[in-house]
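I have placed the structure first, in the form of structure tokens, so that the comments after it can refer back to it.
All of the numbers you see were taken from the coordinates with simple rules; none came from a lab. Predicted, not measured: the structure shown is a model, and the values here were computed from it. Here Cβ is always computed from backbone atoms with ideal geometry, including for glycine, and neighbour counts include all displayed protein chains.
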């Protein structure tokens, strides 16, 4: 059972965390976001997302400039929260700083946020002496820094900050605090809107087993445990409703794009399991994963060693979750990562390291706190266990940082801004380039796409001799067309096909029949005979609109509840208000 700490003690811990974030992020503060695996995608998405918000689109979905102007439904699928945070900085400083430096600032801010949230969680657990030390360890975890300096996964970096908040709210709900149902809902939505794969892993390997172990081991009456379980269920359900506007379309519209290639080739989970070195798809990546996995396992074992002599069961729970999660990540149960398992959507089993960083640091810090270990001993244990991973990280990050300073990278940056490559999974389903570009679409791929389509206007008719099309008005999220088709025919638009596009007009209020055009899978519609004024509009499917309505109502209800509970007496366990003397 975790100790109850309602207010953090006054200390310089917050300032220490902020200074540590600046030191850990110094290279990207000086150089801008490094030339990581995802650097140009992050930049493209952030700049287009900010531009759409500025134009009045509250929930951007379609990026019109992606793939050289052919467009991409990126934010139908990719969690948007980090990009909402980035947009104001791009508006304010976009004319002063280049996009890479602004992205670097945001990454350092998220790094600091992860430390602050981890400190709040450890304080809640009663680890007053070790809370700041544990936060620093969490911030400097090898995979955390690998995400920043090698992978550049913007969503995962945000998830590092959201996960401690989620578990802190979960812990309070398990103890029956009704007020924290709201915060569990908020934290659940925060994680879902930060990075969906990380949210799935956190649910399967942290939230669900932790709640089960806590409820099963609690020395409380069954009724109290039932109330705690009900609070958790209510909070988690509320969080899913708050994030439904993003989660539902992301799941419902997968078949519209080339996601079938995301579980094959370099994305085959079987090629990323530690226990299958014969199938490794990248020896360099897996060397880092092996050393990082050794580090988190060693931290968990150190936590178990610290608990000898009667320390309570909470550190043991976190150590066991770390060791079990590490075993599953390594491939002790290959079926978890095989075809048909929902976890294949995670792509890389080693994404689990984000979760294991959290569980292992929690196990070590709580064990050290409860057993009276000095903070320097905790830091020494951490440093010795992660030293191999830090060496491998440095070897991988150094050439990336060197590349960031070169003229070649600056030229690549300018080309990226011009052509806006996007991951290959966002190509329309059945596109001829899909198998070769899934996940790694480059500028060369974009040039291939544009060469295949050839120069032309924004829209044209087929057969050209029988269907005349004139673009009356053009915008990023639609077109107005004047169509003359005496015998009927087809209108083709210079953008990729996606089911949310509809061509409507008088007599076609429900939209004309949509057909992907040729191997390029361009957007096209069948038009009836006659002259028409038609408008291309973006309309999400019914399930997505219902989910969006549910989210709007959910956030409204959440705000009302938060305001009303603010003026209620302080809440103890559910149904037991506690009045201040």
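Residue 418 versus residue 474, label points 7 Å from Cα toward the beta carbon: distance in nm?
The answer from the label model is 1.9 nm.
Provide the three semi-axes, in whole Å and in decreasing order, of the ellipsoid equivalent to the stretch 459-538 as defined by the square roots of 5 times the Cα gyration tensor eigenvalues.
On the way: eigenvalues 55, 42, 28 Å².
They are 17, 14, 12 Å, listed largest first.
Which angle from 0 to 90°, rounded to the nearest 10, does the C-alpha axis of helix 222-242 make with the longest principal axis of the chain?
Between helix and principal axis, roughly 30 degrees.
Can you tell me which of 224-232, 450-458 comes out highest on packing, and rank the rest after it, using the mean Cβ neighbours within 10 Å? It would help to have the intermediate numbers written out before the result.
Details: 224-232: 18.9, 450-458: 11.2.
Result, highest mean first: 224-232, 450-458.
For the chain, take the longest principal axis of its alpha carbons; what is the angle in degrees between that and the long axis of helix 314-330, to the nearest 10 within 0 to 90?
40
Ordered by packing density, taken as the mean number of other Cβ atoms within 10 Å over each peptide's residues, highest first, how do 22-34, 405-417, 542-554 rank?
Details: 22-34: 18.4, 405-417: 13.5, 542-554: 15.9.
Packing order, densest peptide first, comes out as 22-34, 542-554, 405-417.
When only C-alpha pairs under 8 Å and at least 6 residues apart count, what is the relative contact order of the stretch 459-538, in percent?
Details: 193 pairs, mean separation 27.9, N = 80.
Computed value for the stretch 459-538: 35 percent relative contact order.
If the chain between residue 376 and residue 410 were fully stretched, how many nm would it gain, using 0.36 nm times the residue separation less the Cα-Cα distance?
Working: separation 34, 0.36 × 34 = 12.24 nm, distance 4.29 nm.
Extending this stretch completely gives an extra 8.0 nm.
Tell me the angle of helix 283-306 to the major Cα principal axis of the chain, expressed in degrees between 0 and 90 and rounded to the nearest ten.
30
Taking Cα atoms of the stretch 281-436, Rg/Rh with Kirkwood Rh, to two decimals? Walk me through the numbers before you get to the answer.
Working: Rg = 20.5 Å, Rh = 18.6 Å.
Ratio value, two decimals: 1.11.
For residue 395 and residue 223, compute 0.36 nm times the residue count separating them, minus their Cα-Cα distance, and round to one decimal in nm.
Working: separation 172, 0.36 × 172 = 61.92 nm, distance 5.45 nm.
Gain on stretching residue 395 to residue 223: 56.5 nm.
With the crude spin-label approximation of a point 7 Å out along Cα→Cβ, what separation in nm comes out for residue 281 versus residue 562?
3.9
Order these peptides, 512-523, 74-85, by their mean beta-carbon neighbour count within 10 angstrom, highest first. Working shown, then result.
Details: 512-523: 17.5, 74-85: 21.8.
Packing order, densest peptide first, comes out as 74-85, 512-523.
Grab the DSSP H runs of the chain that are 4 residues or longer, score each as -39,500 (n - 2.57), total them, divide by all residues and round the 222 nm result to the nearest 500 deg cm²/dmol. Let's see the in-between values first.
On the way: 23 runs with 320 residues, N = 581.
When only DSSP H runs of four or more count, the value is -17500 deg cm²/dmol.
Roughly what would the spin-label model give for residue 339 and residue 16, points 7 Å off Cα along C-beta, in nm?
It is 5.2 nm.
Rounded to two decimal places and with Rh computed the Kirkwood way over Cα pairs, what is Rg over Rh for the stretch 348-478?
Numbers: Rg = 25.8 Å, Rh = 20.8 Å.
That ratio equals 1.24.
Given a cut-off of 41 Å, what percent of all Cα-Cα pairs of the chain lie beyond it?
28
Among 208, 157, which comes first, second and so on when ranked by fewest other beta-carbon atoms within 10 Å?
Details: 208 14, 157 26.
Ranked by crowding around the Cβ, least crowded first: 208, 157.
So for the stretch 163-212, averaging the separation of alpha carbon pairs under 8 Å that are six or more residues apart and normalising by length, what relative contact order in percent results? Before the final figure, lay out each step's value.
On the way: 26 pairs, mean separation 19.4, N = 50.
Reported relative contact order: 39 percent.
Run through every distinct alpha carbon pair of the stretch 7-121 and return the Kirkwood hydrodynamic radius in angstroms, one decimal place.
Working: mean 1/r = 0.0645 Å⁻¹.
That comes to 15.5 Å for the stretch 7-121.
Between residue 294 and residue 537, what's the calculated FRET efficiency when r is the beta-carbon distance and R0 is 51 Å? Round to 0.05.
Working: r = 54 Å, r/R0 = 1.06.
Taking R0 as 51 Å, the efficiency between residue 294 and residue 537 is 0.40.
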